[in-house]
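The structure appears right after this line, and notes come after that.
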Amino acid sequence: MGTKGRAVPRVVCCAIPIARANGKVLVVTSRKRPDNWVLPKGGWEPSDVQLEAAASREALEEAGVRGTITRYVTTIPSPATTYHFYELDVSTLDADWLERHERKREWVDYHEAVRRLEWKTELAQGLRSSSLASLAR
């Protein structure tokens, strides 16, 4: 896909869905690479007033999670994309969500989440910058 009509670098907002009670992270399968896992993420849209709103929207669409953005984590620039990461404290996990037929989702511990995200360096780096990193040591 080209960048016609798209800001370069592309602005991508990532949610790190967290179940605080047990410190688990919700990861979802990639639509483009179904054998790989990702964090819910997507492009910032003009209808999203704030980057946090985009991260929250993507979490609902891709993973069926609702909650509160509680912390800005980091921004990771790359030549084509600038990633913005936010922690989302999950309050509800919907059984029926927009991309349920396109993705699997799974709660995993911090170390397993990092392992699954290693294929996409920016995602693993974003998770390593989260508050879970200090709790998992």
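The values are calculated or read from the model by the stated rules, or taken from the named source; none is laboratory data. Remember, it's a predicted structure, so these values are computed and weren't measured experimentally. All Cβ positions, glycine included, derive from the backbone under ideal geometry; neighbour counts span all protein chains shown.
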Practice prompt. May I ask you to list the residues in the stretch 56-92 that are in a strand (DSSP E or B) and in contact (Cβ under 8 Å) with a residue 60 or more places away in the chain?
Written response: Arg71, Pro77, Thr81, Thr82, Tyr83, His84, Phe85, Tyr86, Glu87, Leu88, Asp89, Val90
Worksheet item: So Phe85 clears everything in (1) surrounded by 19 or more Cβ atoms within 10 Å (Cβ to Cβ); (2) aromatic (Phe, Trp, Tyr); (3) within 18 Å of Ala124 (Cα to Cα); (4) more than 12 Å from the chain's Cα centre (by Cα) except one condition, right? Which one?
Response: (4)
Response to the item:
Selection from the stretch 12-45 of residues at pLDDT 95 or above, crowded, with 19+ Cβ neighbours inside 10 Å and farther than 18 Å from Gly64 by Cα yields Val12
Response to the item:
In the stretch 113-137, anything touching a helix residue (DSSP H, G or I) at 6+ places or on another chain (Cβ under 9 Å) and without any contact (Cβ under 8 Å) to a residue 12 or more places away in the chain is listed as Arg115, Glu118, Ala124
Worksheet item: Quick one: which of Pro17, Pro34 is part of a strand (DSSP E or B), under 16 Å from Arg116 (Cα atoms) and out of contact with any Asp or Glu (no Cβ under 8 Å at 6 or more places or on another chain)?
Response: Pro17
